[in-house]
Amino acid sequence: MEHMARVAVITAPNIGYRNTGMLTVDLAFESLRRRMTPEIDATWYTLHTPETVPLRECARGTDLPFRFHPLAEHLDSLRDHDAVVFWGDFLHTRHYLEQDATNRLLDFGFAEDRAAARTLLNRTLLFADQPDELLARTLSYGGTILHNSQSDYEDFEDKEYGPLFSRLVTRSRRVWVRDPLSAAKIAHLRGDRTTDHFGSDAALLSRPGDLGHLPTTEWSRAVPDGGAIGVFLGARTQIPEWLPAFCQDLSERLGAPLEWLPWFDRDVPAPVGHIAQRPGRHTIGDLVGVLPRYRLVITDTYHLCVNAWGAGTPAVCVGAPEPAPKTHDDYLTLSDVKKHVFHMAYDATDFYVSTLPDTREGHERRIDRLVRLVEGGGAEAVAARIRAHADYSATAFTETLASLLDTPQRPGSPGSPTLAP
């Protein structure tokens, strides 16, 4: 019997599948796996499994194509795989290790104190105890080091991060990051100015239709004739006073009603409480399945923007005009910078709406510009640019993975997979 390639996939924890965007990141690897021939066997790992807390209602009963193993308990099993893939998110940034990841390990009782948590994170996400041979079989795709700075590598309170991070980045087989600024940093760190380190966001590697295997209901099919505008606001950025009127004006100009898109499970914020909520229960499949049916999406949430554009639907992204100060208490994973950089990378800043106050004249000019882009083909050009980069990047990743799996460095190395057209 032919040996099937075994690939360990390490992703950020998504407790209860509460974060729809993070789930689309994980599903995108499965989209790639389904298109590769010969087939590969993926084993999924994360710091703490979704079942650490009760699953989100719309995810319950969904037959998702993966089952996660707690990474710390299975760390030694990584060496039994033909390749290891770090997939998406802030997994290797110091602020994530110091803030989000450490706090969650303490919250759920996986570590006794912050020092123990950091030791565990160094072992699991920076491969402190793993041999160079495993790093040579390791790829990283769709992550970001957007907020890393020189002080992170030299901080006297954290002497281990700099050397461990540098070792992982320089000795891994290849690294793709999801934004061009992180790509420039990776080029500096690896001393490689010729390799393309700019990959797309991992969620974009699902092509339109790839997630059709997720169950849907009438909820996502009952979009009004002529389309609607999906709105999800208040989760990441404070809603400015002028925004509700802006949404309503845009709705009237496009002739498409506003409706609340429950990307996360949360109450509709009071400033936009007038926006209609579609009745009935929805599934995870509904949340992604409805995106190509919308005329437009308005949101402050990074991965909703990413998934809307990936579905060919323009997204108006609401965010702060400049980076927030880098303080010890800030969760930089939630910074608006990633949203702005994403849109800048694809000449899509016409769709990035700053929370700064605006004049009535400025408000009207912004509405006019967006309507012209949506109705005149400009939005389609942006979506096509994003899709072209994602398809190119998917090919680069799968060809590299195929080459790695075809290298006779382990007993029983399999044949080379390729990506189906």
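The values are calculated or read from the model by the stated rules, or taken from the named source; none is laboratory data. Computed from a predicted model, the values in this text were never measured in an experiment. Cβ sites come from the backbone with ideal geometry, for glycine too, and all protein chains shown count toward neighbours. Side chains included, ligands, DNA and RNA excluded: accessible areas come from the protein's heavy atoms. Shrake-Rupley method; radii C 1.70, N 1.55, O 1.52, S 1.80 Å.
Name the residue that is modelled with the lowest pLDDT, counting only residues in the range 325-370 that are among the charged types (D, E, K, R) and crowded, with 16+ Cβ neighbours inside 10 Å. If you could, list the steps in order and put the result at the bottom.
Taking the range 325-370 as the starting set, the residues that turn out to be among the charged types (D, E, K, R) are 326, 329-330, 336, 338-339, 347, 350, 358, 360-361, 364-366, 368-369.
Now restrict to residues that are crowded, with 16+ Cβ neighbours inside 10 Å: 336, 338-339, 350, 358, 366.
Details: D336: 87, K338: 94, K339: 95, D350: 97, D358: 84, R366: 95.
Checked the range 325-370; the qualifying residue modelled with the lowest pLDDT is D358.
Would you confirm whether or not the range 216-236 contains a residue that is crowded, with 18+ Cβ neighbours inside 10 Å, in the same structural domain as C305 (by the TED database) and acidic (D, E)? No.
The condition (being surrounded by fewer than 19 Cβ atoms within 10 Å (Cβ to Cβ), under 30 Å from F397 (Cα atoms) and under 23 Å from the mean Cα position of the chain (by Cα)) is satisfied by just one residue among A187, A183: A187.
When you check A72 against the structure, is it among the aliphatic types (A, V, I, L, M), touching a helix residue (DSSP H, G or I) at 6+ places or on another chain (Cβ under 7 Å), surrounded by fewer than 23 Cβ atoms within 10 Å (Cβ to Cβ) and assigned to a helix (DSSP H, G or I), yes or no? Steps first, answer last, please.
Values: among the aliphatic types (A, V, I, L, M): yes; touching a helix residue (DSSP H, G or I) at 6+ places or on another chain (Cβ under 7 Å): yes; surrounded by fewer than 23 Cβ atoms within 10 Å (Cβ to Cβ): yes; assigned to a helix (DSSP H, G or I): yes.
Spelling it out, A72 is indeed among the aliphatic types (A, V, I, L, M), touching a helix residue (DSSP H, G or I) at 6+ places or on another chain (Cβ under 7 Å), surrounded by fewer than 23 Cβ atoms within 10 Å (Cβ to Cβ) and assigned to a helix (DSSP H, G or I).
If L254 passes every condition in (1) in the same structural domain as L296 (by the TED database); (2) open to solvent by 20 Å² or more (accessible area, probe 1.4 Å) but one, which one does it miss? Condition (2) is where L254 drops out.
Residue-level check: of (1) open to solvent by 30 Å² or more (accessible area, probe 1.4 Å); (2) closer than 20 Å to W263 by Cα; (3) of a type in the set (F, W, Y), Y17 misses just (1). For S200, the criteria (1) open to solvent by 20 Å² or more (accessible area, probe 1.4 Å); (2) part of a loop (DSSP other than H, G, I, E, B); (3) of a type outside the set (V, I, T); (4) more than 30 Å from R253 (Cβ to Cβ) hold in every case but one, which is (1).
State whether one or more residues within the range 83-90 are on the phi < 0 side of the Ramachandran plot, open to solvent by 20 Å² or more (accessible area, probe 1.4 Å) and of a type outside the set (G, A, S).
Of all residues in the range 83-90, those on the phi < 0 side of the Ramachandran plot come to 83-87, 90.
With the extra rule that they be open to solvent by 20 Å² or more (accessible area, probe 1.4 Å), the set shrinks to none.
For the range 83-90, residues on the phi < 0 side of the Ramachandran plot, open to solvent by 20 Å² or more (accessible area, probe 1.4 Å) and of a type outside the set (G, A, S): absent.
Do the conditions hold for L243, that is, is it within 24 Å of L27 (Cα to Cα) and either touching a residue at least 60 places away in the same chain (Cβ under 8 Å) or of a type outside the set (A, V, I, L, M) (or both)? So L243 does not fit the description; no. Within the range 28-47, the set of residues being among the hydrophobic types (A, V, I, L, M, F, W, C), under 19 Å from the mean Cα position of the chain (by Cα) and either buried (at least 24 other Cβ atoms within 10 Å of the Cβ) or farther than 18 Å from P70 by Cα (or both) comprises A28, F29, L32, L47.
Of all residues being of a type in the set (S, T, N, Q) and part of a loop (DSSP other than H, G, I, E, B) in the range 37-63, which is nearest to S220 (Cα to Cα)? Just the residue, please.
Top of the filtered list is T62.
When each of L97, L105, L78 is tested for being in a helix (DSSP H, G or I), open to solvent by less than 10 Å² (accessible area, probe 1.4 Å) and in contact with a strand residue (DSSP E or B) (Cβ under 9 Å, 6 or more places away or on another chain), the lone residue that passes is L78. R281 falls short of the stated requirement of being farther than 30 Å from E57 by Cβ, assigned by the TED database to the domain that holds W309, over 22 Å from the mean Cα position of the chain (by Cα) and of a type in the set (K, R).
As a summary of the residue check, I10 satisfies the conditions (1) open to solvent by 50 Å² or more (accessible area, probe 1.4 Å); (2) touching a strand residue (DSSP E or B) at 6+ places or on another chain (Cβ under 7 Å) except for the one numbered (1).
Residue by residue, here is whether (1) over 30 Å from A59 (Cβ atoms); (2) small (G, A, S) holds:
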site: Q150; (1), (2): yes, no
site: A187; (1), (2): yes, yes
site: F198; (1), (2): yes, no
site: P208; (1), (2): no, no
site: R221; (1), (2): no, no
site: P224; (1), (2): no, no
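Looking at the range 137-174, which of its residues are of a type in the set (G, A, S) and surrounded by fewer than 14 Cβ atoms within 10 Å (Cβ to Cβ)? Hits for the range 137-174 are S149, S151.
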